[in-house]
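See below for the structure under consideration.
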Amino acid sequence: MELFAERGFENTTVAEIAARAGLTERTFFRHFADKREVLFYGSAALQELLAKSAYEAPASLPPLEAIEAALIGATAFFGERREFACQRQAIIAANPELQEREQVKLAMLATALAEALRRRGVKEPAASLAAEAGVAVFKVAFQRWTAGAGDRTLAQLIRESMDELKAVAGGGEERRSSTDDFGARAHGRRGDERRKVRAQDDYVT
């Protein structure tokens with residue numbers, strides 16, 4: 001991480017990374033497929049932890065709340081590594097190739113969470129929708145955390161982001177309700193008009 005910060009990701013070689021760590025290049029490649037994976041080390045463990053936590057969440061929790069509980073529970077995974085996380089995010093933000101790799105990792109996480117929800121009995125598309133929404137919440141909260149969101153913890157930011165999502169979704173429900181009411185009123189008016197036409201026809205006849 002220090003080398004990436006000092007020299008830039010693109011200008012840092014595997015040989016330099018191995019030398020800094022006191023390893024040979026052969027040993028490096030036993031642990032990492034390429035230098036990009038140094039920045040994503042631990043992502044598989046985090047994915048496994050989140051999926052397991054979502055699956056084992058209390059049965060009474062609806063899908064999105066099960067995901068939220070898993071996300072908050074997983075914040076311990078980061079421990080006191082906020083400075084490391086900030087450096088990592090800055091490096092990824094400066095490199096399109098790394099941003100693409102991060103999107104792939106997040107997509108894999110969403111797939112794992114959706115599978116955990118399906119194992120809980122959640123049907124599609126609800127399972128995939130809840131999983132994708134949960135990953136979006138995590139991404140936004142993590143970015144705010146690494147950007148220095150005051151003294152708030154990652155768990156607090158996850159709760160805030162989830163509340164914002166629910167508020168947005170609630171607004172959508174209100175709009176759909178208003179649209180349904182408007183449609184019902186319009187349908188009623190059309191019915192009244194048809195009845196008036198039939199009454200006029202009967203009178204003429």
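The values are calculated or read from the model by the stated rules, or taken from the named source; none is laboratory data. These numbers come from a predicted model, not from an experiment. Don't worry about glycine lacking a Cβ; one is built from the backbone with ideal geometry, like all the others, and counts go over all protein chains shown.
Annotations
- Residue within region 101-111 that is surrounded by fewer than 16 Cβ atoms within 10 Å (Cβ to Cβ) and acidic (Asp, Glu) present: no
- Among the residues of region 2-28, those identified as surrounded by 14 or more Cβ atoms within 10 Å (Cβ to Cβ) and of a type in the set (A, V, I, L, M, F, W, C) are Leu3, Phe4, Phe9, Val14, Ile17, Ala18, Ala19, Leu23, Phe28.
- Scanning region 121-154 for residues that are among the basic types (Lys, Arg) and surrounded by fewer than 16 Cβ atoms within 10 Å (Cβ to Cβ) yields Lys123, Lys139, Arg152.
- Residue in region 87-120 that is farthest from Glu37 (Cα to Cα), counting only those that are free of Cβ contacts under 8 Å to residues at least 40 places away in the same chain and of a type in the set (S, T, N, Q): Thr111
- Of all the criteria given as (1) more than 18 Å from Ala44 (Cα to Cα); (2) at pLDDT 90 or above; (3) among the basic types (Lys, Arg), the one not satisfied by Arg82 is (2).
- Evaluation of Ala59 against the conditions (1) of a type in the set (Gly, Ala, Ser); (2) part of a helix (DSSP H, G or I); (3) within 30 Å of Val122 (Cβ to Cβ) shows that the sole unmet condition is (2).
- Number of the condition not met by Arg101 [criteria: (1) under 17 Å from the mean Cα position of the chain (by Cα); (2) under 27 Å from Gln156 (Cβ atoms)]: (2)
- Test: residue in region 77-88 that is surrounded by 18 or more Cβ atoms within 10 Å (Cβ to Cβ), assigned to a helix (DSSP H, G or I) and in contact with a Phe, Trp or Tyr (Cβ under 9 Å, 6 or more places away or on another chain): yes
- Which numbered condition Asp163 fails, given (1) exposed (fewer than 15 other Cβ atoms within 10 Å of the Cβ); (2) part of a loop (DSSP other than H, G, I, E, B): (2)
- Residue among Ala51, Ala116 that is of a type outside the set (Val, Ile, Thr), in contact with a Lys or Arg (Cβ under 8 Å, 6 or more places away or on another chain), crowded, with 17+ Cβ neighbours inside 10 Å and modelled with pLDDT of 95 or more: Ala116
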